[in-house]
Amino acid sequence: MIGECDMKGMENFIQKVLWKDVLISCLFLIMGILLLVSPKDILEISSYFIGALLILNGILYLCDVGNGFSLFDPLIMGILSIIFGLVIFIYPTLFINMVPILLGFWFIITGAVKCRLAFILKGVNDGDWVSMLIMAIITIICGFLLVIFPNMGAISITIVLGVLLVVYSIDSIINGLIVKKKIKDIAKALKVR
């Protein structure tokens with residue numbers, strides 16, 4: 001049986017993860033829209049923007065170290081995210097060439113985590129798990145497209161990247177709303193495992 005204190009801790013952890021995911025997704029959504037509106041001008045600026053996002057993401061992961069509830073190791077994720085963010089600030093031109101591949105891997109990893117979460121929802125007999133799984137699979141497919149076809153030309157990549165960032169952001173926001181609606185059930189399912 002799950003203690004009330006443990007359930008509250010799990011629910012608080014899930015709330016923090018949701019907040020972080022929605023924040024990062026909103027920033028990605030803004031970036032995606034800017035890339036669609038003005039791809040040529042935004043290309044160089046986007047490298048600094050993504051570097052800042054990765055550093056922010058890493059700091060948020062490091063804030064979760066030691067809380068006891070995690071789907072993955074926040075220390076490793078935080079350190080890697082900060083390192084990648086700093087490399088992007090130091091070598092923005094290199095990053096411009098690596099944008100599709102790096103974001104492709106990000107999409108694949110986050111899509112896989114969302115697939116896992118969808119199956120957790122399935123375990124608590126929630127009908128929303130199917131839509132979450134479909135959105136996660138779309139995110140993974142977008143990630144593979146970025147990794148497989150990185151050399152389409154800077155402007156083409158920027159436009160495609162803008163579309164994919166918008167898709168990813170909308171997916172994350174929708175998934176966040178689904179998870180928020182079922183937070184108690186998810187906390188209970190995670191604690192039972």
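The values are calculated or read from the model by the stated rules, or taken from the named source; none is laboratory data. The structure presented is a predicted model; accordingly, all values stated were derived computationally and were not measured. We place every Cβ from the backbone using ideal geometry, glycine too, and count neighbours over all the protein chains shown. Surface accessibility is based on the protein's heavy atoms, side chains included, excluding ligands, DNA and RNA. Shrake-Rupley method; radii C 1.70, N 1.55, O 1.52, S 1.80 Å.
Yes/no matrix, rows are residues, columns are (1) at positive phi; (2) of a type in the set (A, V, I, L, M, F, W, C); (3) at pLDDT below 85:
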residue: I45; (1), (2), (3): no, yes, yes
residue: I50; (1), (2), (3): no, yes, yes
residue: L56; (1), (2), (3): no, yes, no
residue: Y61; (1), (2), (3): no, no, yes
residue: N67; (1), (2), (3): no, no, yes
residue: S70; (1), (2), (3): no, no, yes
residue: L75; (1), (2), (3): no, yes, yes
Item to check | Hits in the stretch 83-102 - residues which are of a type in the set (F, W, Y) and in contact with a Ser or Thr (Cβ under 7 Å, 6 or more places away or on another chain) | outcome: F95
Checklist entry - Of the conditions (1) more than 26 Å from K181 (Cβ to Cβ); (2) buried (at least 19 other Cβ atoms within 10 Å of the Cβ), L34 fails just one. Which one is it? => result (2)
Next on the checklist: Within the stretch 97-108, does at least one residue satisfy the condition of being β-branched (V, I, T), out of contact with any Leu (no Cβ under 6 Å at 6 or more places or on another chain) and within 22 Å of I45 (Cβ to Cβ)?
Outcome noted: yes
Checklist entry - free of Cβ contacts under 8 Å to residues at least 24 places away in the same chain and buried (at least 16 other Cβ atoms within 10 Å of the Cβ), is that true of W129? => result yes
Checklist outcome for this item: Taking first residues from the stretch 91-114 that are more than 11 Å from L146 (Cβ to Cβ) and second residues anywhere that are of a type in the set (S, T, Y) and open to solvent by 40 Å² or more (accessible area, probe 1.4 Å), the pairs with Cβ under 8 Å that are 6 or more apart or on different chains are P92/Y48
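Quickly run through the stretch 114-126 and pick out the residues that are open to solvent by 50 Å² or more (accessible area, probe 1.4 Å) and of a type outside the set (S, T, N, Q).
The answer is R116, F119, K122, G123.
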Checklist entry - Consider T93 against the criteria (1) modelled with pLDDT under 75; (2) in a helix (DSSP H, G or I); (3) surrounded by fewer than 17 Cβ atoms within 10 Å (Cβ to Cβ): it satisfies all of them except one. Which criterion is unmet? => result (1)
Next on the checklist: With the requirement that a residue be under 18 Å from the mean Cα position of the chain (by Cα), open to solvent by 70 Å² or more (accessible area, probe 1.4 Å) and in contact (Cβ under 8 Å) with a residue 24 or more places away in the chain, what does the stretch 175-186 give you?
Outcome noted: K180
Next on the checklist: Restricting to the stretch 77-88, give me the number of residues that are open to solvent by 60 Å² or more (accessible area, probe 1.4 Å) and modelled with pLDDT of 85 or more.
Outcome noted: 6
Item to check | Any pair with Cβ under 9 angstrom, 6 or more apart, that starts in the stretch 137-150 at a residue that is under 24 Å from I174 (Cβ atoms) and ends at one that is open to solvent by 80 Å² or more (accessible area, probe 1.4 Å) | outcome: G143/F105; G143/I109; L146/F105; V147/F105
Checklist entry - Looking at the stretch 117-193, what helices (runs of 4 or more DSSP H) fall wholly within it and have at least 1 residues that are modelled with pLDDT under 80? => result 154-181, 183-192
